[in-house]
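Bear in mind these aren't lab numbers, they're just calculated from the coordinates by the rules spelled out. Since the structure is predicted, the reported quantities are computational estimates derived from the model, not experimental observations. Positions of Cβ are backbone-derived with ideal geometry, glycine not excepted, and every protein chain shown enters the neighbour counts.
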Amino acid sequence: MKKIKFKRILLKLSGEALKGKREYGIDPEFIDYLAKEIKPIYELGVQIAIVTGGGNIFRGLSGSTHGMDRSMADYMGMLATIFNSIALQDSLEKNGIDTRLLTTIEIKQVAEPFIRRRAIRHMEKGRIVILGGGTGIPYITTDTTAVLRCLELKCDIVIKATKVDGIYTEDPNNGNNKARMFKKLSFARALSDKKINIMDKSALALCSDNNIPIIVYNMHIKGNLTKILLGQQVGTTIQ
Ligand code: UDP
């Protein structure tokens, strides 16, 4: 049996991840690809909790810049994460993976309420837990949710799936060929360097204070997630 590096992980899938190549909304084919990327690590016996984002559908901040009350808009954002969670659950189950969807905003017909001990028990029984609804509190991001749940559920690491290979010295997307990717990055630099914008600072600070490493990797490269769990160098590790 292959040796796994992390026994229990918190995987953060942003809305960006779930929209695939679309401009907006959910791309079932891409979610199926993600499910197929998750399956090998599930079969290795890794315990997995997934926090979904909602930016592919609605972000509270953009609602509020168009005149909405920020809290109301944020609740819509939280509901968007539950949309994404249901789509992800459908896809994981179709791929033969046992899952449970737990939400902070109760939707009894589709999900269990988030209860810490229950979430841990599900993982121990070999079920992937999908955590929808963010923290259930406005003014917070799903990155911060991911870190909080990582701590509560005693996961070993936060793994953030993105469309870029890792964290760069400068934005590589602006034709910037000076940009260099970090293999390792300290929390101190991630927090102080204004050019580094991969996660909100409160999420980073929480990880730093509690010694939880973060790996940022490119989800579009097949097999990357498995490589991470087998201890191979992929993406950027912040620690
Ligand atoms: N949100 C919130 N509280 C939370 C988590 C999320 O209010 O604890 C709302 C917020 O409006 C946010 C939206 O849900 O804009 C979607 O989450 P996020 O922007 O973090 O998603 P991602 O960028 O990962 O797609």
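L102 falls short on exactly one of the conditions (1) hydrophobic (A, V, I, L, M, F, W, C); (2) over 25 Å from L225 (Cβ atoms); (3) in contact with an Asp or Glu (Cβ under 7 Å, 6 or more places away or on another chain), and that condition is (2). For region 13-52, residues that are assigned to a helix (DSSP H, G or I), more than 17 Å from L101 (Cα to Cα) and among the hydroxyl-bearing types (S, T, Y) total 1. For region 157-235, the helices (runs of 4 or more DSSP H) that sit wholly inside it and include 1 or more residues that are β-branched (V, I, T) are 224-229. You will find that of E93, E152, the residue that is within 16 Å of the ligand (Cβ to nearest atom), more than 15 Å from the chain's Cα centre (by Cα), free of Cβ contacts under 8 Å to residues at least 60 places away in the same chain and at negative phi is E152 and no other.
Conditions tested, residue by residue: (1) within 17 Å of the chain's Cα centre (by Cα); (2) free of Cβ contacts under 8 Å to residues at least 40 places away in the same chain; (3) closer than 20 Å to R8 by Cα.
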residue: A87; (1), (2), (3): yes, no, no
residue: T99; (1), (2), (3): yes, yes, yes
residue: T104; (1), (2), (3): yes, yes, no
residue: R117; (1), (2), (3): no, yes, yes
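Evaluation of G175 against the conditions (1) in contact (Cβ under 8 Å) with a residue 60 or more places away in the chain; (2) more than 16 Å from the ligand (Cβ to nearest atom); (3) on the phi > 0 side of the Ramachandran plot shows that the sole unmet condition is (1).
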